[in-house]
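What follows is one structure encoded as structure tokens, with my remarks underneath.
The values are calculated or read from the model by the stated rules, or taken from the named source; none is laboratory data. Owing to the predicted nature of the structure, the values given are computational and were not obtained by experimental measurement. Every residue, glycine as well, gets a Cβ built from its backbone with ideal geometry; the counts of neighbours run over all protein chains shown.
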Amino acid sequence: MDEQISKPPSCLNRQGSSCEPPARTPHGATAHIQYPIPWGAPQVRQLQEVAAQLRTVYAGENAEAIVTKEQEMIRSWKELLSSCEDCRLQVTTTTDKIRFTSMVRDLISWMDTVICQIGTGEKPRDVSSVEVLMNYHQGLKSEIETRDRNVATCAELGKALVLKKSPAAEEIKAHLDKLMTKKKEMIDKWDRHWEWLQQSKELLIGGESGVGGV
């Protein structure tokens, strides 16, 4: 007990460093930090019970020494619990930051792909061809709307990390700004091309009507 109380969790000893858990076993890392709690609690209770019994037997200085030692033990136990909780939060924050950064990278890559796909078809020559392009463009819109849930989840995770005052808060804010800027670029390009397709269709319909009326 004394050894565990006097030695803080290893994660706290690495504050200021990356303190990153293994990417494949973040839950294992957290479980390791929580390890002292289940075995320690029964021992603390047992020591308190023994101290209570001893106080009924001894008096004077001996009783005072027992009370003092019991109070020191309880204070040290609370400090250990606090250290474990601080380290658990640190590991959780680090794991969430890794997940957030990965999500941002994947989403921006996907957005770049969609941006490249917008407006890549040939210029429509008749109404049927422009309608084919419009159907394809609507398909991209459906994909964007489906992925928007992932974008929202990623943004919420980033905001939560900032609110937790993560050491990487500025970096997280930069990733968030980049993500939302790329999303706006994608949506704006989709809207502009959709407007162009609608205008092209109106012009082609007008042209076909003019030909049919001749």
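For region 49-85, name all the residues that are under 41 Å from the mean Cα position of the chain (by Cα) and surrounded by 13 or more Cβ atoms within 10 Å (Cβ to Cβ). Steps first, please.
Step one: of region 49-85, the residues under 41 Å from the mean Cα position of the chain (by Cα) are 71-85.
Selection gives Met73, Ile74, Ser76, Trp77, Glu79, Leu80, Leu81, Ser83, Cys84, Glu85.
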inquiry  = Show the residue pairs meeting these rules: Cβ distance below 8 Å; 6+ apart or different chains; first residue within region 49-72 and in contact (Cβ under 8 Å) with a residue 60 or more places away in the chain; second residue surrounded by 12 or more Cβ atoms within 10 Å (Cβ to Cβ) and not in a helix (DSSP H, G or I).
reply    = none
inquiry  = Condition first: more than 29 Å from the chain's Cα centre (by Cα), surrounded by 17 or more Cβ atoms within 10 Å (Cβ to Cβ) and in a loop (DSSP other than H, G, I, E, B). Now tell me which residues in region 119-167 satisfy that.
reply    = Pro124
message = Report every pair of residues separated by at least 6 positions or lying on different chains whose Cβ atoms are under 7 Å apart, first residue within region 128-152 and under 15 Å from Ile187 (Cα atoms), second outside any helix (DSSP H, G or I) and not small (Gly, Ala, Ser).
response = Leu140/Ile118
message = Yes or no: region 72-89 includes at least one residue that is in a helix (DSSP H, G or I) and in contact with a Cys (Cβ under 6 Å, 6 or more places away or on another chain).
response = yes
task = For Lys178, state whether it is part of a helix (DSSP H, G or I), modelled with pLDDT of 90 or more, among the basic types (Lys, Arg) and over 23 Å from Gln138 (Cβ atoms).
result = yes
